[in-house]
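Heads up, the thing below is written out as structure tokens.
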Amino acid sequence: VARGLRTYGRAVKTLHNKLKSAKYDILHIASSASISLFKDIVMMRIARKHSVRSVLHFHFGRIPDLSKRGNWEWKMLLRAVRMSNRTIVIDKQSYDTLIACGCSNVDYIPNPLSPAIGEIVSSVEVERKPNMLLFVGQCLPTKGVYELVEACSSIPNIELCMLGSSTDSM
């Protein structure tokens with residue numbers, strides 16, 4: 001816990017220093033929720049103080065479950081969503097849950113298979129393997145890997161390659 005607090009403290013201090021020294025337009029936070037929501041809220045407050053808009057991006061599909069629990073994590077998540085200028089979720093159930101709670105600043109963008117990704121990729125000149133998607137990162141439930149596998153399994157002729165460490169809990 002102490003190491004996590006030090007890490008969060010450094011991240012908040014770094015953000016504050018960056019926003020004091022340069023003019024940024026947007027703060028994009030990729031959130032895993034849980035205890036890091038406290039950090040996310042503090043960072044969005046700092047951004048607001050410096051007139052920087054914030055985008056909160058949830059890379060997991062636990063939001064409907066959290067809403068059913070109604071616990072502290074759900075309350076903090078709602079607070080963070082309402083504080084952000086825009087919130088991005090990767091699954092329709094999370095989108096529907098937040099909209100039903102009165103959050104009008106939510107966008108549903110399946111991760112990473114939105115049409116915008118195709119446009120970005122097509123503008124880069126590299127040799128590509130057709131229908132191959134590479135995920136690089138920790139293979140953790142909080143990173144949305146279950147949702148990614150589910151999305152890829154519903155697309156014909158897609159090959160998903162995952163590169164990164166995982167935990168025994170998967």
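The values are calculated or read from the model by the stated rules, or taken from the named source; none is laboratory data. A quick note: this is a predicted structure, and the numbers were derived from the prediction, not measured. A quick note on method: Cβ atoms are made from the backbone with ideal geometry, for glycine too, and the neighbour counts reach across all protein chains shown. Please note that ligands, DNA and RNA were not included when accessible areas were found on the heavy atoms of the full protein model with its side chains. Shrake-Rupley method; radii C 1.70, N 1.55, O 1.52, S 1.80 Å.
Taking a straight line from the alpha carbon of Lys92, these lysines sit under 30 Å away, with near neighbours fewer than eight places off in the same chain left out: Lys39, Lys68, Lys75, Lys129, Lys143.
Length available on full extension from Tyr146 to Ile158: 0.36 nm per residue minus the Cα-Cα distance, which gives 2.7 nm.
Applying 1/(1 + (r/R0)^6) with r as the Cβ-Cβ distance of Val136 and Lys75 and R0 = 41 angstrom yields a FRET efficiency of 0.80. Percent of accessible area on segment 8-52 owned by carbon and sulfur, 1.4 Å probe? On segment 8-52, the fraction of accessible area on carbon and sulfur atoms equals 57 percent. Using a simple spin-label model with pseudo-atoms 7 Å out from Cα toward Cβ, Lys20 and Arg82 lie 3.1 nm apart.
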